[in-house]
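Notes follow the structure.
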Amino acid sequence: MGSSKNVYTSVKAYSKRGKLLAKTDFQTLAESRDLEELMTRIKNTVYGDAISNVQKPYTSQSIESGLRGHLAGAHYSIAKTAGNSDILDAYYMKFIISNLKQILKGKVLGKSQEEIETHINLRAEELIKQRDVIIKALVSKDLEETVASLNSVQFGDEISKAASLYNETKNLQVFDTYFDKILYQQLGRALKNTRDREVIKLVGMDVDFYNLLSVIRGKFWGLDDSQIEDLIVSQTPSVPKELLQRMMASATIRDAFAELSNTKYKNLIPDVENELDAVAQFERSFEMAIYNSSIRSFTKMFSFATIIGITKLTAFEVRNLAAIAYAVEQKIATDITMSKLIVNSFQND
């Protein structure tokens with residue numbers, strides 16, 4: 001695996017995997033009658049410390065913020081222990097990108113600075129001394145000023161394109177896609193510097209997921225080929241550019257999905273007629289496939305893939321907890337909540 005540092009980090013990854021919450025744990029949390037009861041139950045899990053600073057009155061947003069701050073610290077610790085890794089650095093960027101998405105979408109919706117602040121946690125930025133960049137965007141008076149404030153950062157061009165396409169389509173998901181592009185470009189570049197097949201397979205699925213979903217979403221939004229092309233990340237581990245182009249040229253979204261029938265992703269093709277439902281089903285199926293591949297990364301001891309695997313699994317776990325907090329707050333039925341989580345019953349096998 002290389003250095004003794006990576007061996008040590010891999011051992012820590014195995015230890016963390018053993019502490020992941022099981023499906024039954026999520027079930028117990030989802031059955032909470034209110035947020036007060038949910039907080040009590042979370043305090044009896046490994047996430048007790050993560051939410052210790054969450055103040056009453058509890059909200060799903062404040063609980064999610066506490067969990068995200070904890071996750072940022074955990075990912076930072078893993079990356080530092082493992083040493084220099086472009087791949088882990090790219091995954092860490094997810095925290096910063098998530099905050100920027102919230103800020104730009106908040107500006108579009110005319111939310112106040114205080115309202116936007118409830119949706120973000122700056123722990124990740126604090127750890128890498130990038131807090132000022134986010135604060136500058138946060139205090140900007142509108143979308144135009146926010147975009148201008150981010151012009152000098154390394155991905156300023158993509159942010160400008162996102163704002164421009166939003167003004168054309170008025171679709172907020174444009175920000176999600178363009179900011180995700182920043183992340184997956186970084187991952188794609190990082191992949192070029194490794195020959196580890198397990199790592200390429202594991203990280204490559206994320207890049208494939210982004211590219212395929214971008215093409216499908218672009219068609220759903222009615223974008224032209226050049227606009228969709230601009231969303232694509234050039235590094236495609238197992239989805240050739242020719243396949244993406246055939247999907248773009250397809251007459252319908254169903255035809256675009258049909259192009260995957262001779263690929264390793266053929267089992268993810270949705271079987272529903274409604275286009276919106278098909279996109280949602282494909283997205284969930286692909287995320288489950290990524291989740292399962294992260295579980296399988298632990299089949300080989302002392303592999304760098306296990307370090308990436310635990311990074312991804314803990315992110316899924318926090319996302320599940322945030323979804324449960326929202327569902328409890330909104331009084332959503334437990335069975336509906338459980339059906340939306342990314343989790344398998346064999347998680348702790």
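The values are calculated or read from the model by the stated rules, or taken from the named source; none is laboratory data. Please read all numbers here as calculations on a predicted model, not as lab measurements. Cβ atoms come from the backbone with ideal geometry, glycine included; neighbour counts cover every protein chain shown. Heads up: the accessible areas ignore ligands, DNA and RNA and are worked out on the full protein's heavy atoms, side chains in. Shrake-Rupley method; radii C 1.70, N 1.55, O 1.52, S 1.80 Å.
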By the Cα gyration tensor axes a ≥ b ≥ c (a/c under 1.5 gives rounded; else a/b larger than b/c gives prolate, otherwise oblate), the shape of segment 227-303 is oblate
Send over a whole-number figure in Å² for the accessible area per residue of segment 191-342, probe 1.4 Å.
46 Å²
Accessible surface of LYS19 in the full protein assembly, 1.4 angstrom probe, to the nearest 10 Å²?
120 Å²
Apply the Karplus parameterisation 6.51 cos²θ - 1.76 cosθ + 1.60, with θ equal to phi minus 60°, to every residue of segment 307-321 and state each ³J(HN,Hα) to the nearest whole Hz, in sequence, with x for glycine and proline.
5, 5, x, 6, 4, 6, 5, 5, 5, 4, 5, 5, 4, 4, 5
Taking all protein chains in place and a 1.4 Å probe, what share, in percent, of the accessible surface of the chain do carbon and sulfur account for?
47 percent
Among ARG254, ARG33, ARG195, what's the order by accessible area (1.4 angstrom probe), most exposed first?
ARG195, ARG33, ARG254
Rounded to one decimal in nm, the spacing of the 7 Å Cα→Cβ label points at ALA251 and ARG189 is 4.1 nm
Order by accessible surface, 1.4 Å probe, largest leading, for residues ILE96, ILE332 comes to ILE332, ILE96
Filter the cross-link list LYS101/LYS219; LYS170/LYS266; LYS43/LYS111; LYS241/LYS264; LYS161/LYS340 down to pairs whose alpha-carbon distance in this structure exceeds 26 Å.
LYS170/LYS266; LYS43/LYS111; LYS161/LYS340
Per residue, in Å², the accessible surface of segment 1-143 once ligands and nucleic acids are set aside, probe 1.4 Å:
51 Å²
J(HN,Hα) series, segment 219-227, from Karplus relation 6.51 cos²θ - 1.76 cosθ + 1.60, nearest Hz, glycine and proline x
5, 5, 7, x, 6, 7, 4, 5, 5
Students often forget the sequence filter, so: which lysines lie under 24 Å Cα-Cα from LYS80 once same-chain residues fewer than 8 apart are removed?
LYS5, LYS12, LYS16, LYS19, LYS94, LYS129, LYS192, LYS201, LYS300, LYS312
For THR118 and GLU37, extending 7 Å from Cα along the Cα-Cβ vector and measuring point to point gives, in nm, a value of 2.4 nm
Could you tell me which of rounded, prolate or oblate describes segment 106-222, using a ≥ b ≥ c as the square roots of the eigenvalues of the alpha-carbon gyration tensor, with rounded for a/c under 1.5 and, failing that, prolate when a/b is larger than b/c and oblate otherwise?
oblate
3J(HN,Hα) from dihedral phi, segment 151-162, Karplus parametrisation 6.51/-1.76/1.60, rounded to Hz, x for glycine, proline:
4, 8, 6, 4, 10, x, 4, 5, 5, 5, 5, 4
Apply the a/c threshold of 1.5 to the C-alpha gyration tensor of segment 29-113 and tell me whether it is rounded, prolate or oblate.
oblate
Starting from the amide H of PHE302, placed 1.01 Å from N in the peptide plane, find each other amide H under 5 Å away whose residue is 5 or more places distant or on another chain.
none
Kirkwood Rh, Cα atoms: Rg over Rh of segment 294-349
1.10
